[in-house]
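The values are calculated or read from the model by the stated rules, or taken from the named source; none is laboratory data. Owing to the predicted nature of the structure, the values given are computational and were not obtained by experimental measurement. These area figures cover heavy atoms from the full protein model, side chains too; ligands, DNA and RNA do not enter into them. Shrake-Rupley method; radii C 1.70, N 1.55, O 1.52, S 1.80 Å.
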Amino acid sequence: MSRKYQNGFFLFGIVVLTIMLSRLDYAEVWRGLCHAGYWFPAVLFLWAFLYVFNTAAWWIIIWSQQADSSQPMPFSFGWLYKITISGFALNYATPAGLMGGEPYRIMSLAPKTGTERATSSVILYAMTHIFSHFWFWAISIVLCLLTQAMTPFLAIVLLSAAVFCALGIWFFIAGYRKGLAVRAMNILSHLPFLKKWAMPFIERHCEQLQQIDRQIAALHRQSPRTFITAVSLELACRMVSALEIFFILHILMPGVNYIDCILILAFTSLLANLLFFLPLQIGGREGGFLLSISALGMGTSAGAFVALIIRLRELVWTFVGLLLINLERKNTRS
């Protein structure tokens, strides 16, 4: 990636991170950190481990696209791990999420694999990441049915969520079979504020978009084991990430149930993703924690505490991701 684009991504992230830090109540933050004690470093370390899952899923997607799988990858796993963290940092800080991290990943990877392979692997990984969310929500619906007392309101919520998950899973399976690049650009070409940009882009890059779709379909058709492994890694990441909520709630209630933590994460992530247009998902994530934790009878104070600690974790890892971008800039300069 050119130094100009690296500088642009870095400065954009710094500006957004500064705005987010200015909105914090630092007295509340300090009280929360004191109350969390050593569990807050444990939460930070957990995400260092979880990013390994994300990197491994992306790694095997890139590896499966090599013409000769016996050849070594043109970069190390550690380098891809750094790009993964930085990509998620930009997604956290960007309204509409994927508009920040995915372009950075493509531009970082393109010099090593070529633009088309970089683009298709990033699109494939983004599809896999989102696809795993739908399976995580579907599994959580089953867990909720097995563990929670049913009420009319809960039944309506679960039925609505089940329909949403079924539609999402169907959409992505169709996308894997036929490709998603052309379809996504065609959708953008009908949106009021984007169609003036999208339509000329499709005309200029029609062949490249079709080639990307062929590569996406090839992974699903020719490498089903790779496809299943990538989705499984991302799904495992979702399940293990509930440990974060378990660690935090353990401070307040040592007998907390891990399945309840999975349900809290599922509902909160569903609500936050429905509000994808908010930078750092402000309000959506906090509201999700308050609603889901209160619904399980743990009180609003527990929901506010979990939301605070997770928000701090996101800010720390956003800073780490931006720091890694800065280090990459210096390496490029040298």
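Observations on the structure shown:
- For the range 247-259, the Karplus equation 6.51 cos²θ - 1.76 cosθ + 1.60, evaluated at θ = phi - 60°, returns couplings of 4, 5, 5, 4, 5, 8, 9, x, x, 4, 8, 5, 5 Hz by residue, with Gly and Pro reported as x.
- The 1.4 Å probe gives accessible areas that order SER64, SER120, largest first, as SER64, SER120.
- Distant-in-sequence amide H partners of GLN65 (H built 1.01 Å from N, under 5 Å): none
- Karplus-derived HN-Hα couplings along the range 144-158 (A = 6.51, B = -1.76, C = 1.60, θ = phi - 60°), whole Hz, x at Gly and Pro: 5, 4, 7, 10, 10, 5, 7, 10, x, 5, 5, 4, 5, 4, 5
- The range 216-265: C-alpha pair distances exceeding 17 Å, %: 49 percent
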